[in-house]
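Written out below as structure tokens is the structure these notes cover.
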Amino acid sequence: MSSDATLYNEEYLQIMKTFDSLSDMSCNRIELIRDLARGLNYKTIGLANCVMFNRETKVIQAFLSKYFTVHSVNCKYGRLRENELFNGGSTRIICNPAGQADFLNENNCDMNVSIGLCVGHDMIFNAQSSAPVTTLFTKDFTNGNDPAAAVDDIR
């Protein structure tokens, strides 16, 4: 039954209650992440980004560092080579979403923020993260990184 309140543990209830108390729709998503983390008394934020968004991640890290300890890790973390993961692959450096989650887990992040991770890679990162994950934005190569614009493409 999808309306069953027992689906929500104490952590989930606290996240929802805290968000409801601060959500007045006057803040952008980065500010809401800050406010939610502050309301939950989080001390450490993790940022997991695609290398395409290194510049944006540095700006976000500088902003959030005013309030929290921030750890950042891009998708090429650990310099994992394709042939290390797949038999016979090339030696090119590939994305490492499980490694990103592991790095942030080791740094005891209270909350992680996904920034432009690829489809599928975000699933692995979210599954491996010990901390709750929110997505700041996603990658979309054909729509200027605005996946909502794809709705018009498929009509």
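Apart from one condition, SER130 fits all of (1) surrounded by fewer than 20 Cβ atoms within 10 Å (Cβ to Cβ); (2) of a type outside the set (Lys, Arg); (3) at pLDDT 95 or above; (4) farther than 25 Å from ILE15 by Cβ; the exception is (4). Each residue in the range 58-117 was checked for being part of a helix (DSSP H, G or I) and of a type in the set (Val, Ile, Thr), and 2 pass. The residue of the range 136-155 that is farthest from CYS75 (Cα to Cα), among those that are surrounded by 15 or more Cβ atoms within 10 Å (Cβ to Cβ) and polar (S, T, N, Q), is ASN145.
Hey, any hits in the range 75-98 for a residue that's over 18 Å from ILE33 (Cα atoms), of a type in the set (A, V, I, L, M, F, W, C) and within 11 Å of the chain's Cα centre (by Cα)? Among the residues of the range 75-98, not one is over 18 Å from ILE33 (Cα atoms), of a type in the set (A, V, I, L, M, F, W, C) and within 11 Å of the chain's Cα centre (by Cα), which makes the answer no. Just one residue in the set ALA101, ALA62 is surrounded by 16 or more Cβ atoms within 10 Å (Cβ to Cβ) and modelled with pLDDT of 95 or more; that residue is ALA101. Close Cβ contacts (under 8 Å, 6 or more residues apart or on different chains) running from residues in the range 134-155 that are within 16 Å of HIS121 (Cα to Cα) and of a type in the set (A, V, I, L, M, F, W, C) to residues that are at pLDDT below 85 and surrounded by 11 or more Cβ atoms within 10 Å (Cβ to Cβ) comprise PHE137/ASN145. The residue that is farthest from THR69 (Cα to Cα), counting only those in the range 29-57 that are polar (S, T, N, Q) and assigned to a helix (DSSP H, G or I), is ASN54.
Residues in the range 33-62 that are over 14 Å from GLY116 (Cα atoms) and without any contact (Cβ under 8 Å) to a residue 12 or more places away in the chain: ASN41, VAL59, ALA62. Look at (1) at pLDDT 95 or above; (2) over 23 Å from PHE141 (Cβ atoms); (3) part of a loop (DSSP other than H, G, I, E, B) and you find that SER26 fails only one, number (1). Against the numbered list (1) crowded, with 19+ Cβ neighbours inside 10 Å; (2) among the aromatic types (Phe, Trp, Tyr); (3) more than 19 Å from VAL133 (Cβ to Cβ), PHE86 comes up short only at (1).
The values are calculated or read from the model by the stated rules, or taken from the named source; none is laboratory data. Computed from a predicted structure; not experimentally measured. Backbone-built Cβ (ideal geometry, glycine too); neighbour counts: all protein chains shown.
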